1. Counting only residues that are of a type in the set (A, V, I, L, M, F, W, C) and not in a helix (DSSP H, G or I), which one in the stretch 1-18 is least open to solvent (accessible area, probe 1.4 Å)?
2. Considering the stretch 38-61 alone, what residues qualify as being of a type outside the set (A, V, I, L, M), in contact with a helix residue (DSSP H, G or I) (Cβ under 8 Å, 6 or more places away or on another chain) and either part of a helix (DSSP H, G or I) or surrounded by 18 or more Cβ atoms within 10 Å (Cβ to Cβ) (or both)?
3. In the stretch 95-119, which residue that is acidic (Asp, Glu) and in a helix (DSSP H, G or I) is modelled with the lowest pLDDT?
4. Does Leu147 fit the bill of being touching a Pro at 6+ places or on another chain (Cβ under 8 Å) and of a type outside the set (Val, Ile, Thr)?
5. How many of the residues in the stretch 138-172 are open to solvent by 40 Å² or more (accessible area, probe 1.4 Å) and within 12 Å of the chain's Cα centre (by Cα)?
6. With (1) surrounded by fewer than 18 Cβ atoms within 10 Å (Cβ to Cβ); (2) more than 22 Å from Ala167 (Cα to Cα); (3) not acidic (Asp, Glu) as the list, and Gly96 as the residue in question, which single condition is left unmet?
7. Does Leu21 satisfy the condition of being closer than 18 Å to Arg176 by Cα, part of a helix (DSSP H, G or I) and open to solvent by less than 60 Å² (accessible area, probe 1.4 Å)?
Amino acid sequence: MTSATSRSLLEMIAVADERTLAAAGLACLDRCLPLLDPDAADVLRPAWAAVARGGGGDAWGEAVAKAGVELAGAAGPHAADVRGMLGDAPADWSDGPLRAWADACSATALALHATYDAGEADERAGLVERCRSGEPSGAGPLLAGELRRQQAVLDSAAHGPTGLRRARDLSTEGRRVLKAVVSRRARGN
C-alpha cells in the first residue's frame, strides 16, 4: 500500500470510499469549528456516529441537518465559510455527492488555515492548490499541519472503525490548535 505522504491529497480523495469521504469532509469541518463557534465541539458527535455506522438509512442526513440547526446562529470569524461547509454536506450517502463535498471541505479547510499563516492572499490561494496537488513547499505551519492531518485522516479512515477513532482524534487535535491560534490572534487585536 502506498503511504499517505507519497500520494497527493487529490489522489487520496479520488480513490476513497464513501465512509472515508464522509469522515474526511466531517473532519475538515470539525477542525474548522473554532472559526464558527469555539464551544461547539460536541455538535458533530451524531454525524461521527453515523459515519461509524456506515451512513446507512437517514442517520447521516439527520445528523448533519441537526448540526446545521444547532450552529445556525453562530457568528465567529469566517462563519460563512464554515457554515457553508456544513450546509453543503450531502444528505444522501452516496459516492458522488460525498466525494464532491470532501473535496470542497478539504480546499476550504486548507484555505482557512492558510489565512492564519503569514503571506499575501493571492500567494496563499496558489499555495493551497499546490499543497493539494502534492507540492507543499512554502506552506506555513498551520497550512502544513492541516495538510498532514487531512492526509492522515484519509489514510486512517480507510481502515474502518478503528481508523475512524484515529481520524476523530486528529480532528480534535487540529481543532485545539486552531482554537488556540484564533484566541491568541483575538488577544493580540
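The values are calculated or read from the model by the stated rules, or taken from the named source; none is laboratory data. The structure displayed is predicted, hence computed values, not measured ones. Methodologically, a virtual Cβ is constructed for each residue, glycine included, from the backbone with ideal geometry; neighbour enumeration extends over all protein chains shown. Surface accessibility is based on the protein's heavy atoms, side chains included, excluding ligands, DNA and RNA. Shrake-Rupley method; radii C 1.70, N 1.55, O 1.52, S 1.80 Å.
1. In the first step, residues of the stretch 1-18 are kept if they are of a type in the set (A, V, I, L, M, F, W, C); the result is 1, 4, 9-10, 12-16.
Those left that are additionally not in a helix (DSSP H, G or I): 1, 16.
On the way: Met1: 188, Ala16: 11 Å².
Checking each candidate, the answer is Ala16.
2. Kept after step one, since they are of a type outside the set (A, V, I, L, M), are these residues of the stretch 38-61: 38-39, 42, 45-46, 48, 53-58, 60-61.
Next, from what is left, pick out any that are in contact with a helix residue (DSSP H, G or I) (Cβ under 8 Å, 6 or more places away or on another chain): 38, 46, 48, 53-55, 60.
Within the stretch 38-61, Pro46, Trp48, Gly55, Trp60 meet the criteria.
3. Within the stretch 95-119, the subset acidic (Asp, Glu) is 95, 103, 117.
The next check asks that each one be in a helix (DSSP H, G or I); those that pass are 95, 103.
Working: Asp95: 95, Asp103: 98.
The residue in question is Asp95.
4. Numbers: touching a Pro at 6+ places or on another chain (Cβ under 8 Å): yes; of a type outside the set (Val, Ile, Thr): yes.
It is true that Leu147 is touching a Pro at 6+ places or on another chain (Cβ under 8 Å) and of a type outside the set (Val, Ile, Thr).
5. Initial filter on the stretch 138-172 (open to solvent by 40 Å² or more (accessible area, probe 1.4 Å)): 138, 141, 148, 155, 158-159, 161-162, 165-166, 168-169.
Still in the running and within 12 Å of the chain's Cα centre (by Cα): 148, 168.
Qualifying residue count for the region: 2.
6. Looking at each condition in turn, Gly96 falls short on (2).
7. Values: closer than 18 Å to Arg176 by Cα: no; part of a helix (DSSP H, G or I): yes; open to solvent by less than 60 Å² (accessible area, probe 1.4 Å): yes.
Against the criterion (closer than 18 Å to Arg176 by Cα, part of a helix (DSSP H, G or I) and open to solvent by less than 60 Å² (accessible area, probe 1.4 Å)), Leu21 does not qualify.
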